[in-house]
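Read the figures in this text as sums done on the coordinates, not as results from a lab. Remember, it's a predicted structure, so these values are computed and weren't measured experimentally. All Cβ positions, glycine included, derive from the backbone under ideal geometry; neighbour counts span all protein chains shown.
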Amino acid sequence: MGKRKLPQMTLIAVLLYALIKVLSLDSIGALNGYFMIIINRSLIFVILTVSLNLINGITGQFSLGHMGFAAVGAYVSGTITTLVLKLSPDVASSYPIFIGAIILGGIGAAIMGFVIGFPSLRLKGDYLAIMTLGFGEVIRIILNNINYVGGPRGLLGIPKFSTFTIIYAFTFFTIVLIRNLVQSSHGRAMLAVRENEVAAELVGVDTTRYKVLGFVVGAFFAGIGGGLLAHLLQIATPTQYGFYASALLLVYVYAGGMGSITGSIIAAFGLTFLSQFLQLGFDSLSNMTGINFGSEWTMVIYALLLILIMLYKTEGLMGMKEAKLLVIEEGTK
């Protein structure tokens with residue numbers, strides 16, 4: 001009789017080792033504050049990229065407004081913590097309040113995922129992309145015109161609750177939960193919808209249910225990532241969650257490999273660090289030569305590298321392959 005074996009303990013051991021290693025390096029001063037900021041941002045982008053991959057790569061939809069869900073999570077959680085901070089500073093300093101606010105932000109984003117996912121069931125491809133792009137812009141414009149949350153200048157005074165340990169914990173749970181979902185019977189149904197929606201319906205897959213499920217779960221984790229980012233930067237502005245940010249996430253997904261959680265993790269870390277190091281390199285070159293190499297040169301190199309990846313690795317860095325730790329193996333009893 002077949003028995004499913006989950007290599008959970010090995011995965012947990014590896015991730016805990018990485019956590020302890022970074023914390024130990026930080027404690028002895030081997031990692032300065034700048035590197036820790038990059039690591040924290042990379043972890044948050046892992047959450048955002050993996051959640052978008054669930055929608056685009058696993059379920060086969062095409063969302064161009066993923067940062068709109070992150071904006072909902074950022075503003076909901078940021079508003080809660082700043083409001084509680086004003087009413088009771090002692091209570092607001094409690095991390096359970098912060099964790100609850102982050103989860104509520106994710107729930108708010110999930111509700112918006114249902115709102116956008118259910119009406120879009122009749123749309124596919126470019127039409128769905130246009131609709132999700134419009135959704136992202138609507139969210140940005142609405143936030144831009146609500147004075148209570150700061151309007152164009154953004155929501156200020158957000159407490160800095162996003163530490164490395166907190167961000168790492170949320171990233172860990174995101175990876176494990178989405179990995180288990182993808183490799184469950186529900187995940188196989190999502191893959192069936194992606195491969196051939198008509199054939200999936202013929203074999204009894206409720207395509208409506210699983211398309212909406214993909215949007216809702218992806219939006220929930222995007223809201224989590226948005227809330228963590230807001231509490232890391234201590235500010236949430238509408239421009240942070242515009243079309244450029246959504247397009248950047250799409251680049252991460254395609255560069256890592258559509259449908260590959262491993263690829264999303266590698267791309268989120270690799271491209272985030274790459275962009276920061278390119279910026280540092282051009283800043284140093286400007287100081288040495290006296291010639292102003294602005295941030296646009298960073299984007300030129302960044303874009304050329306991505307073009308090379310797409311030309312010579314059309315399926316992305318990982319394609320649809322996963323690291324062994326992220327694969328649920330089938331065994332025998």
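Based only on other Cβ atoms within 10 Å, what is the fewest-to-most ordering of Lys124, Lys324?
Details: Lys124 13, Lys324 10.
Listed from fewest to most nearby Cβ atoms, that is Lys324, Lys124.
Could you tell me which of the pairs Lys124/Lys313; Lys160/Lys324; Lys160/Lys211 are separated by over 27 angstrom between their Cα atoms in the structure shown? Walk me through the numbers before you get to the answer.
Values: Lys124/Lys313 25 Å; Lys160/Lys324 36 Å; Lys160/Lys211 35 Å.
The answer is Lys160/Lys324; Lys160/Lys211.
What number comes out for the charge environment of Glu197, summing +1 per Lys or Arg and -1 per Asp or Glu over other residues with Cβ under 10 Å away? Net local charge, Glu197 excluded: +1. At 222 nm, what value in deg cm²/dmol follows for the chain if DSSP H runs of at least 4 each add -39500 (n - 2.57) and the sum is divided by all its residues, to the nearest 500? Mean residue ellipticity at 222 nm (helix-derived): -24000 deg cm²/dmol. Springs join every pair of Cα atoms under 10 Å in this Gaussian network model of the chain, and among Gln234, Gln61, Gln276 the largest mean-square fluctuation is at Gln276. Using C-alpha pairs below 8 Å separated by at least 6 residues, the relative contact order for the chain is 33 percent.
Largest GNM mean-square fluctuation across Val253, Val84, Val300, computed for the chain with C-alpha springs under 10 Å, falls on Val300. Here the chain yields Rg over Rh of 0.98, to two decimals, using C-alpha coordinates and the Kirkwood radius.
What shape does region 152-202 have by the C-alpha gyration tensor, where a ≥ b ≥ c are the square roots of the eigenvalues, rounded means a/c under 1.5, and otherwise prolate means a/b greater than b/c and oblate the rest?
Details: a/c = 6.78, a/b = 2.12, b/c = 3.19.
It comes out oblate by the Cα gyration axes.
Of all the options Thr81, Thr289, Thr314, the one that moves most in a Gaussian network model of the chain with Cα springs shorter than 10 angstrom is Thr289. Charge tally around Gly78: other residues with Cβ under 14 Å, Lys/Arg +1 each, Asp/Glu -1 each, net +3. Taking every C-alpha pair closer than 8 Å and separated by at least 6 residues, the mean separation divided by the residue count of region 136-266 gives a relative contact order of 36 percent.
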